[in-house]
């Protein structure tokens with residue numbers, strides 16, 4: 001983990017610095033504004049990430065031989081519908097979907113900065129060499145920007161009701177991604193094998209006893225861990241919210 005090289009440090013460092021700078025501007029000037037104004041940056045990201053995915057699919061369909069690895073089955077591909085659903089739906093639908101892209105984008109942020117090669121490959125070596133390299137960098141940094149901007153604009157406020165959508169979203173993803181990964185023999189989101197050595201060692205060890213059993217245990221562990229991390233982040237945010245409200249209550253009582 002934390003396997004960075006010089007190109008990762010330069011490209012990711014510049015990109016993150018740019019995102020944080022914009023986030024500070026949003027925090028300073030947009031956070032006090034109306035909900036419509038506050039949400040504009042996040043809604044622009046919602047449209048942009050859909051544009052990125054559509055453009056990639058069109059390039060594959062028109063100009064280069066289609067590769068099934070390009071199918072939007074990757075976990076990161078869920079953001080092409082999660083972010084728009086969070087930002088453009090209203091009422092009960094908005095309440096259901098609002099937590100998902102923020103909580104799940106934490107996975108992308110954590111993995112991107114812990115082990116960038118898993119998500120970016122060698123894209124940082126030649127960041128402007130071709131369409132697919134540019135797309136890879138822009139797509140994943142759009143997710144990072146969504147996470148950071150959501151914090152700066154305080155777009156997501158956790159509630160106890162979020163627990164079911166958070167768990168349900170991961171389960172829903174597993175229900176379609178796992179069968180597709182095995183059917184196409186493509187390692188979407190490490191479903192077939194792990195880039196994380198301890199997990200891969202467990203998978204291989206269990207597979208020596210029985211391949212099917214090994215894969216079932218490994219995949220179960222993979223998604224249980226995902227649910228645990230997601231709920232852990234949600235619980236921390238809920239705790240922070242509770243602590244802030246308690247502090248505000250004490251301050252009001254003193255007044």
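The values are calculated or read from the model by the stated rules, or taken from the named source; none is laboratory data. The structure presented is a predicted model; accordingly, all values stated were derived computationally and were not measured. FYI the Cβ positions are ideal-geometry reconstructions off the backbone, even for glycines, and counts take in every protein chain you see.
A few points about this structure:
- Exclusive hit being assigned to a helix (DSSP H, G or I) and closer than 29 Å to residue 176 by Cβ, set 58, 16: 58
- Considering each residue of region 88-97 in turn, none proves to be outside any helix (DSSP H, G or I) and within 27 Å of residue 11 (Cα to Cα).
- Checking each residue of region 23-33 against the condition of being touching a helix residue (DSSP H, G or I) at 6+ places or on another chain (Cβ under 6 Å) and not in a helix (DSSP H, G or I) gives at least one match.
- Conditions (1) farther than 26 Å from residue 25 by Cβ; (2) modelled with pLDDT of 95 or more; (3) surrounded by fewer than 20 Cβ atoms within 10 Å (Cβ to Cβ): number failed by residue 170: (3)
- Hey, residue 149 farther than 25 Å from residue 196 by Cα, buried (at least 20 other Cβ atoms within 10 Å of the Cβ) and in contact with a helix residue (DSSP H, G or I) (Cβ under 6 Å, 6 or more places away or on another chain) or not: yes
- Residue identified as within 17 Å of residue 166 (Cα to Cα) and either in contact with a helix residue (DSSP H, G or I) (Cβ under 8 Å, 6 or more places away or on another chain) or modelled with pLDDT of 90 or more (or both) among 227, 216, 204: 227
- Every condition in (1) part of a helix (DSSP H, G or I); (2) more than 17 Å from residue 8 (Cα to Cα) holds for residue 112 except the one numbered (2).
- Residue within region 185-203 that is without any contact (Cβ under 8 Å) to a residue 12 or more places away in the chain, surrounded by 11 or more Cβ atoms within 10 Å (Cβ to Cβ), in a helix (DSSP H, G or I) and outside the structural domain of residue 93 (by TED's automatic domain parsing) present: yes
- Only one of the listed residues (82, 120, 137) is modelled with pLDDT under 95 and assigned by TED's automatic domain parsing to the domain that holds residue 34. That residue is 120.
- Scanning region 34-55 for residues that are farther than 12 Å from residue 88 by Cα and part of a helix (DSSP H, G or I) returns 35, 37, 38, 41, 48, 49, 50, 51, 52, 53, 54, 55.
- Filtered residue count, region 140-162, keeping only those that are in a helix (DSSP H, G or I) and either at pLDDT below 95 or farther than 30 Å from residue 202 by Cβ (or both): 12
- Apart from one condition, residue 181 fits all of (1) under 15 Å from the mean Cα position of the chain (by Cα); (2) more than 24 Å from residue 12 (Cβ to Cβ); the exception is (1).
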